[in-house]
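Values in this text are rule-based calculations from the coordinates and carry no lab data. These numbers were taken from a predicted model, which means no experiment stands behind them. All Cβ positions, glycine included, derive from the backbone under ideal geometry; neighbour counts span all protein chains shown.
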Amino acid sequence: ERFTVDEDTENFTPHQTGIPVTSSTECLLHCGIGQCLNSLMENNTCYCTSDDFKSKKLSSTIPNTVFYQKSITKITPAPICYEAKGSGYATFNIPYDGRIKFFKLVHVYGYVSCATYHSRSKWGCSPITGPTVISTLITDNQNKVIVPAGTPSPYGSFNIPGANDMSDELVLHPDTPYEVEGNEEIRIWYGEDLFGADIDNEGRHCIHVYGQFC
């Protein structure tokens with residue numbers, strides 16, 4: 001996706017010194033394919049950045065400054081549903097080889113609960129736990145956690161600052177871009193179910209899965 005930047009680009013955070021390029025394609029290949037970063041091109045100089053100018057206005061006050069960002073790919077053609085107990089994970093398949101910078105999960109309907117009659121949440125265990133405690137996990141087909149990054153609690157939850165377990169969307173970043181192969185099976189789990197602590201759980205949550213490839 002191409003966006004014209006309408007603000008002082010000195011405020012963006014480059015990951016390295018800009019390099020001279022002769023085309024936007026050269027800049028995109030250098031940042032996107034090579035480093036899994038967004039790119040900003042100003043006067044034939046290419047900068048790699050993790051910043052996101054997508055929400056900015058399209059009218060430019062800075063000549064020859066254009067921001068490029070990879071589109072987010074919808075991975076699931078129809079909603080998939082996971083359950084809070086009984087090894088009730090959901091599966092989806094990666095459409096093609098690449099690296100995934102982040103996954104975005106989008107609520108469609110349903111809920112999950114870590115305690116029958118005491119909690120109903122989209123991604124966690126509110127109100128028993130705080131809104132930043134996330135219990136929805138993505139694993140490979142051997143049940144190794146891909147995201148969230150970090151160390152889980154004994155019950156398979158992660159504290160993610162800024163997250164909200166009742167929001168309609170949940171964005172999960174791996175520590176580094178995750179290598180995938182076409183048709184690879186990926187699973188969505190409720191944390192307590194994966195960690196064998198699901199005795200008083202209930203609920204079924206249906207979602208769409210998106211990913212940003214690089």
Integer Hz, Karplus 6.51/-1.76/1.60 couplings in order for segment 138-143, x for Gly and Pro: 10, 10, 7, 6, 9, 6
Among 23-31, 203-211, the order from most to least packed when residues are scored by Cβ within 10 Å on average: 203-211, 23-31
The chain, dipole about Cα centre (Lys/Arg Cβ +1, Asp/Glu Cβ -1), debye to the nearest 20: 300
Expected-Rg normalisation [2.2 N^0.38 Å, Cα atoms] applied to the chain: 1.16
Two-decimal ratio, segment 128-213, of alpha-carbon radius of gyration to 2.2 N^0.38 Å: 1.08
Using θ = phi - 60° and Karplus 6.51 cos²θ - 1.76 cosθ + 1.60, couplings along segment 185-190 (whole Hz; Gly, Pro as x): 7, 10, 10, 10, 10, 8
Positive-pole candidate from Cys48, Ala115, Cys81, dipole of the chain, charges at beta carbon: Cys81
Where labels lie 7 Å past Cα in the beta-carbon direction, separation of Arg99 and Thr45 in nm: 2.5
Rg to Rh quotient for segment 72-113, alpha carbon positions, Kirkwood Rh: 0.99
